Amino acid sequence: MVHSVTVATHAEFAQQLRDARLRVTRPRVAVMETVHAHPHSDTETVFRAVRASLPSVSRQAVYDVLRALTDADLVRRIQPAGSVALYEARVGDNHHHLVCRSCGAVEDVDCAAGEAPCLTPPDRTGFLLDEAEVVFWGLCPECSRSETSVPDPKRHDHPGEHSPLTDSGRKN
Ligand SMILES: [Zn+2]
Ligand SMILES: [Zn+2]
């Protein structure tokens, strides 16, 4: 369960597509590149990033690529309550998310148990369980700091203002 921090190359993305029996296309490679570089990006953010390198690509094409990659488990789609769908390349490790109630920033957090379902209810009532969806809600370091100092009402009015593009990096 190694979460690789190395930057994957075009060739590696192409190989992942082939391994998943998907045809290698420039939009697919570009979307994978974007989702790797900017985890927890929404469709619009992915679209804009892909468009920067492939100006002719349509919004619908990016939408279709995201769906194909998600279906092939090359990309994971998460959707915290009240959020649009977000995409990430860290797949298959049952990790969870910390979500900021104020700005919507999303961070990865390892699953304490390791494998799904990582929580077991006291009474399964006959269900065969395979997953417990865990989302940790609170305030990110930035928002908890500003909450105790000068309030910034703009931040609360525009939850999308911290684009995942700029907000996904590790904060100190
Ligand atoms: Zn925040
Ligand atoms: Zn994640």
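Where a number appears in this text, it was derived from the coordinates with a stated rule and is not lab data. This is a predicted model, so every value here is computed, not measured. Note: ideal-geometry Cβ built from the backbone for every residue, glycine included; neighbour counts use all protein chains shown.
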Q) Where the centre of each part is set by its Cα atoms, how far does segment 8-74 sit from segment 95-126, in angstrom? A) 26 Å
Q) What order, most packed first, do the peptides 16-23, 47-54 have when packing is the mean number of other Cβ atoms within 10 Å of each residue? A) 47-54, 16-23
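Considering Cα pairs under 8 angstrom that are at least six residues apart, work out the relative contact order of segment 14-123 and quote it in whole percent. The partial results should precede the final answer.
Values: 123 pairs, mean separation 23.8, N = 110.
Normalised by residue count, the contact order of segment 14-123 is 22 percent.
Provide, as a two-decimal number, the C-alpha radius of gyration of segment 1-110 over 2.2 N^0.38 Å, N being how many residues it has. Walk me through the numbers before you get to the answer.
Numbers: Rg = 13.6 Å, N = 110, 2.2 N^0.38 = 13.1 Å.
Against the compact-globule rule of thumb, the ratio is 1.04.
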